[in-house]
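Structure first, then comments.
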Amino acid sequence: MSAPSPHDLLKTLYTMAMMVEARDAYTGGHLWRVAQFSRLLAGHPLTELAMDAVLLHHETPDGRGYPQGRKADDIPLVARIVGIADAFDPVRGKPRRSGRGRMARTA
């Protein structure tokens, strides 16, 4: 079996994002934006840096993060920075998604 073409991969990613969008607009919009940024970064000299940020920004210093369970200094600086920004986004005054309670507005 041959590897799928980049066009087929993007088409699949788009379909998946639209399925999530139908269930959860916040997450679906996030997936769509990530897909678009990924397309823009393909082949760019900063791709490796961006890949670390995207793939590892859910790692935590205590090793309980994902996908690799990295700890402290094993997490690239760029991933730690993006992880902080990602964690800050929902607490910047936007209410949380329904079904998970509401967060008080901070801004």
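Residues in region 68-81: is at least one part of a loop (DSSP other than H, G, I, E, B), in contact (Cβ under 8 Å) with a residue 12 or more places away in the chain and within 21 Å of Pro6 (Cα to Cα)? No, that holds for no residue. Here Val54 fulfils each of the conditions (1) more than 15 Å from Val82 (Cα to Cα); (2) modelled with pLDDT of 75 or more; (3) not small (Gly, Ala, Ser) apart from (1).
The values are calculated or read from the model by the stated rules, or taken from the named source; none is laboratory data. None of the values given here were measured: they were computed from a predicted structure. Cβ: placed from backbone, ideal geometry, glycine included. Neighbour counts: every protein chain shown.
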